[in-house]
1. May I ask for the percentage of alpha-carbon pairs in the stretch B:563-638 that lie more than 16 Å from each other?
2. Would you work out the charge dipole size for the stretch B:204-497 about its Cα centre, treating the Cβ of every Lys and Arg as +1 and the Cβ of every Asp and Glu as -1, and quote it to the nearest 20 debye?
3. For chain B, what is the charge dipole size about the Cα centre, in debye to the nearest 20, if Lys and Arg each add +1 at the Cβ and Asp and Glu each add -1 at the Cβ?
4. Can you tell me the alpha carbon radius of gyration of the stretch B:63-117 divided by the globular rule-of-thumb value 2.2 N^0.38 Å?
5. Which trypsin sites (Lys or Arg not before Pro) in the stretch A:25-97 sit in a loop by DSSP (not H, G, I, E or B) and have at most 10 other Cβ atoms within 10 Å of their own Cβ?
6. Set Lys and Arg Cβ to +1 and Asp and Glu Cβ to -1, take the dipole of chain B about its Cα centre, and tell me which of B:Leu395, B:Asn157, B:Pro274 lies farthest positive.
7. Quick one, can you get me the convex hull of the C-alpha atoms of the stretch A:111-263 expressed as volume per residue in Å³?
8. Over its Cα atoms, what ratio of radius of gyration to 2.2 N^0.38 Å does the protein assembly as shown give?
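Where a number appears in this text, it was derived from the coordinates with a stated rule and is not lab data. This is a predicted model, so every value here is computed, not measured. Glycine gets a Cβ as well: all are built from the backbone with ideal geometry, and neighbour counts include every protein chain shown.
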Amino acid sequence: MPVIDLPALIDRAVSEIGEVLLGKEQTVRQALCCLLTSGHLLLEDLPGMGKTTLAHALADVLGLSYARVQFTSDLLPSDILGVSVFNRDQEAFQFRPGPIFNQLLLADEINRATPRTQSALLEAMAEQQVSIDGASRPLPELFFVIATQNPMHQSGTYALPESQLDRFLMRLSLGYPHFEAERELLQRGALPTKAVINRTMTSQQLLAMRAVIHETALSDSLLRYIQRLTAFTREAPEFAVGLSPRGALALVGAAKTWAQMEGRDYVTPDDVQAVLAPVIAHRLIPSADYAGDGEALVALLRSQVDVIPD
Amino acid sequence: MISGEQLPRRSLLWLIACQIAVMLPHLERVPLWVVMIYLATALWRLQMFRQRAEMPNKWLRLLLGIAGATLLFISYGTFVGLEPMVALLLVAAALKILESIRERDGYLLVFLGFFICVTHFIFIQTLPATLYTVCCTGLLVTALITLNQNPSGGISNREPALAIKMLTLAVPMMVVLFFLFPRIGPIWSVPSSSGQGKTGMSDFLRPGAVTKLGRSADVAFRAGFSDVIPANSALYWRGLVLSKFDEGAWRTLQWRELPVSERQGVPPEVFGDPLQYRVLLEPTQQRWLYGIAYAKSPTAGVYEASDYRLGVVNPVEFQFGYDVTSWPASVLQPNLSDWRRRVETEFPKGINPLTEVWVRDLRRQYSNDRDFVGALLNYFRTQPFFYTLEPPEILSSDFVDQFIFNSRRGFCEHFAYSFVAMLRMVGIPARIVAGYQGGEVNPLNNTVVVRQFDAHAWAEVWMDGEGWIRVDPTAAVSPSRIEFGLEAALEGASGFLSDSIISAYRFRGIRVLNWMRLRYDALAFGWQSFIVSFDSARQIELLRGWFGEIKVSWFVTLLLGSWAAILLPLMLWLSRERSVQRLLPEERRFVDLCSRLEQRGLHRPFGEAPLRTLRRVREHLPEGDPLYGALEDAVANLYAKASKP
């Protein structure tokens, strides 16, 4: 296996994306971390904050084949998965693959589609294959979904249920740009991503990186830290539902990637804390008498669980 | 029905196991049908558990209860007494299994179980019994734990493990309570042992009585010597003095038969080196004790009778330990009172005419008492007398005639009987002494283990100026009995130990087994003499030895203080263990370094990740500060080593 300089590759990717998405380095890193961990990404923000720009930039920089589907309320599952059509010349049905057979699918405004269509996509995400007309068709080895959604209280949306939110490794928000970044943006105007962004890595490199990440060391102390975190979400009264084992696994996976991105081959609590909010905030449900949301719960968690038990 | 109140299904299995376990030791003292009730109710309850049977209705249950009590009354004839009471308790517990539906029934069964465990100790306090009770306690605690845990889930080993841990944690407390808790005597008394269980010697001697004991290897008593153990031939454990011949049997003189002047024995002048030992007597249900003459005991409750035997006021119902000092060289009763002389020479005339004629002839040849005794012994020695465990039965009243001239085959009591009778016929004061002779020496703890087959009867003859001297006619017939014990004397003859087929004693030819047997016996002796016989007198003696004079207020303080001293650290330890997890060694190192940072005014905020701490600290520490390096190492140490899957 060729030696991969993972941090350098990531740094290059981050700076490439930085060309179009100004002043969002931390979020970009987190998004890359999510994709390197083979997880799907949910971008949640108000319209016009650069969600689609980030998704495009990620696809370009990773050099993945990609398709974009704009979700609307009349979108059908076959619009995503594909459909069999009758070919007169061959006198047989022929499968015409949908946009999901790309390495990266950008599901724009996922919460505007009906639950039926949402679940068609999410099933494919969980199983990495689709079943159409009784035949299972595998999806590419590298398969990512980046979904964007508007905050749920906007009209004309169908909120994703918790079980489906859980399929996303991370949920990120971009937020308003910094003052400086916004001024630069206003000065030069929005740039088309294709023109600016260069591909920085190959699919082989991506796969090699995954292998490297898999080898990252986890110490007893760190596992115990993660266990204390999960235990807290399960026991504290502020949480209606605690973190599932899948959530805890996602946390470990993302922390491993973060450690490698930082140039370390072992995970420390710093890595866990860096990915904690994006990985678990959307999985936590506050109990009925707790005023805060998922983010507030993460803050509570961090203020209550130390890296070393006392 | 609220489900929380229901008896958890898996608790039921534990509860039934407990009930059967606590009942088992009582098998030997309750009627068999009590056990049957146990098995039947357990089975019925299990069928209910499997939804195959209905719970009997209220009337049937009531009927069963009444039937149980009635059966008990029929079996025992009374409700008064320990055995009927225990049996009643067992029947009640067995029937309770049947109607245990709710959680509180489960608790009741557990506490009944504890109580039944304790009743076991009324009857037996040996080491194996104690170990068994500890096991039962473990089972009961397990059942209690299952009652308190999530009712779902199957049988796992987590509950027993927790029970073992809990009991282990209770051990220090148990030790403190054992030594310090005031021992209060019984507040009430229950008539015990309805007639049965009188083992060993009886207080009258008829030919054939001792012979029976030769078949049993049960331990009669153990004697732990503080110094050298005398030779086997000197170990004559005197128990009963049989001075009165009544209707074909020899018996002891009862206290009311003694004239007032004779009731108080005159202690003999002691000389020679005394023997010091402690005797641990197995329960006999009798009032006499054993010792080597002349024996004196400082133990409270032991009295000395006028014929120099040791006795207690109440029958020995439990193992009883007493200290003895013996002066074997002492002269017993050098002066014989007229009354005593008359009593000790009494023997009905005319029932053994042949012997009477013969001894009178012999007496003419040997006018000296000592020579006459010698001549009689010589007669036993030279004529074809046989020592056997299976003598022919002599039923006619002329026992002595029959034995001396006819059968000539007998066990020790036959020889002692005839010997004493012959001496009394010529007016020499003589009497039979019953007890044990010899015993097995256990070198591991310097004790002599005396078993039932060591039972023996011999004679005491009074000689002018020498007092009562011990004469053993059996020794004349079979010297090896006295020197090497009964087994050697019988040399494989049938009858020996025929009642103790599986006794470990039979297997002492195998060296390892024999060592184990002796080891176990030593352990049992230690258990009995240090644990079981630790009563309030010994407790006070021990505490005096440790702390000097004892005041009540001070004693209470000590008791409560020691509880605190044990429970507080235990509590702390437990609460520490419960606080999520204990620190790993690497974590401990990191925490130590953080507290050193604290001393330098560098505080690590709660929840701060270590690398962030490192980065922050670097700015505040001087270049090359060893503390920074140590911290860096500690962090790497903490996280770089992958956990083993």
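1. Numbers: 1632 of 2850 pairs.
Value for the stretch B:563-638 (Cα pairs over 16 Å): 57 percent.
2. 360 debye
3. My answer is approximately 2080 debye.
4. Working: Rg = 12.1 Å, N = 55, 2.2 N^0.38 = 10.1 Å.
Its radius of gyration relative to the 2.2 N^0.38 Å reference: 1.20.
5. When the trypsin sites (Lys or Arg not before Pro) of the stretch A:25-97 are filtered for loop state and at most 10 Cβ neighbours within 10 Å, A:Arg88 remain.
6. Sorting the options by dipole projection puts first B:Asn157.
7. Numbers: hull volume 34.4 nm³, N = 153.
For the stretch A:111-263, the hull spanned by Cα atoms encloses 225 Å³ per residue.
8. Values: Rg = 47.0 Å, N = 955, 2.2 N^0.38 = 29.8 Å.
Normalised by 2.2 N^0.38 Å, the Cα Rg of the protein assembly as shown equals 1.58.
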